[in-house]
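Each remark here refers to the structure printed beneath this line.
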Amino acid sequence: MPHVAIIGAGPTGLTAALELKRLGVDVSIFEKRPGPSKLSRAVGLQAHSLEIFKPSGVADSILAEAISFKGLIFHDQARPLAKLPLNFDKGSQLWGLAQDRTESHIVAALNALGVDVQYGARFETLMQDASSVVATVNGAHKRFDYLIGADGVFSKVRQEIDMSFDGYELDKQWSIADVRCDSWQNPQHFQAFLLEHGNVAVVVPLEAGRFRVISSTPDALKALPVPMNVLEIIRSGTFNISVRQVARYQKGRVFLAGDAAHCHSPVGGRGMNLGIADAADLAARIAAGETEGYTATRHAEGAQVLALSEGGRRMIQSQAPLKRFAVKSAMRVLNHVPPLARFAVRKFTNG
Ligand SMILES: Cc1cc2nc3c(=O)[nH]c(=O)nc-3n(C[C@H](O)[C@H](O)[C@H](O)COP(=O)(O)OP(=O)(O)OC[C@H]3O[C@@H](n4cnc5c(N)ncnc54)[C@H](O)[C@@H]3O)c2cc1C
């Protein structure tokens, strides 16, 4: 069985390590951070991700803690436009759990299989030939059969294999705030507010009394068109969004997965789920000794998710009066035609 190096212990790298080890492949996983991350970016977990985590038992531990979103509510400023149900069948399931908690469930399963994440281990360079890859980590050279770059959007592995990351950066800065609040409206619903000038604000429940607010403006809390009784701001900040994808996910014995291979806006909440799916697909291929189709399969899926996420973002951020009217009218129609609403929800949750 091969020995695989995994660079990065985000959700993608952790899933790759777990799935490879579960399938009998030796892994070493290196993470430059000194310990587990306390940052939660992704919240939404799709049914497909939980399917991936079923054989390892991680799905059960996640489900014991995750919240099941009751539905999606879209607003025109403060006015409700549409209230759509979630979790009405397998294709419409969406759970919420802070990313650091999802990661800690995967780490626990990995530890149970005898693998420890090597924290404080920074990947620096690599060299490969027909039979192996030599990675330099904290100045030491280590030889592996394969190497997976799951080192996020600024991937050093991607740089080392000279793979261009084509796409564009959005000109607007987005913002995020995680808050405690004891009296939020519809606290178990995922809510989106369409604002003036093509802006948007989204409120996602994280756990009882704790919410994530994201906006396409520099101040997520200020952007909200309805009052939110914030008791504590746990963290807040701004971020820039790029929409990019590599043309090939593999060069020789080196693979890219997750944000190292693709990135897009949080619209649709797909980034982490896509990385988990890349990792599971790649692990199965490496374990089977058949890595050839990895780029074709995962590039196609990634391109589809990028197109869906960008399509959704452009639609809700459009400033053209006619387009905005069409979007709002479509929301109203969804609200009154349940089969259409169910179709739209399935598209939103599973693509
Ligand atoms: C505000 C926001 C909200 C989001 N919401 C959602 C959502 O609801 N649902 C969803 O699916 N996605 C969401 N996403 C996207 C999601 O967070 C990312 O897609 C996901 O974290 C990607 O996982 P990853 O493991 O590929 O990369 P990362 O999580 O970035 O992990 C990469 C790891 O590699 C490590 N690393 C980097 N360089 C090195 C090196 N040289 N040596 C060793 N280690 C290294 C880093 O320290 C990091 O721990 C959101 C993103 C943002 C910004």
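Quick notes
- Exactly one residue among A330, A277 is open to solvent by less than 20 Å² (accessible area, probe 1.4 Å) and either in contact with a helix residue (DSSP H, G or I) (Cβ under 7 Å, 6 or more places away or on another chain) or of a type outside the set (K, R) (or both), and that residue is A277.
- For L194: the one exception among (1) under 22 Å from A260 (Cβ atoms); (2) of a type in the set (A, V, I, L, M); (3) away from the ligand (no atom under 14 Å from the Cβ): (1)
- Where helices (runs of 4 or more DSSP H) fall wholly inside the stretch 271-351, the ranges with 1 or more residues that are within 16 Å of the ligand (Cβ to nearest atom), out of contact with any Asp or Glu (no Cβ under 8 Å at 6 or more places or on another chain) and closer than 26 Å to L45 by Cβ are 271-288, 294-317, 338-350.
- Selection from the stretch 123-158 of residues that are farther than 23 Å from A280 by Cβ, of a type in the set (S, T, Y) and within 11 Å of the ligand (Cβ to nearest atom): T125, T136
- You will find that of R248, R244, the residue that is more than 29 Å from L86 (Cα to Cα), touching a His at 6+ places or on another chain (Cβ under 9 Å) and within 14 Å of the ligand (Cβ to nearest atom) is R244 and no other.
- Condition check for V107: under 22 Å from V157 (Cβ atoms) and either within 23 Å of the chain's Cα centre (by Cα) or near the ligand (Cβ under 10 Å from one of its atoms) (or both): yes
- Matching residues in the stretch 16-43 - criterion: being over 16 Å from D116 (Cβ atoms) and buried (at least 22 other Cβ atoms within 10 Å of the Cβ): E19, A42, V43
The values are calculated or read from the model by the stated rules, or taken from the named source; none is laboratory data. Every value quoted in this text rests on a predicted model; they were computed, and no experiment measured them. Cβ: placed from backbone, ideal geometry, glycine included. Neighbour counts: every protein chain shown. Note: accessible area is taken over every heavy atom of the protein model, side chains too, but ligands, DNA and RNA are not part of it. Shrake-Rupley method; radii C 1.70, N 1.55, O 1.52, S 1.80 Å.
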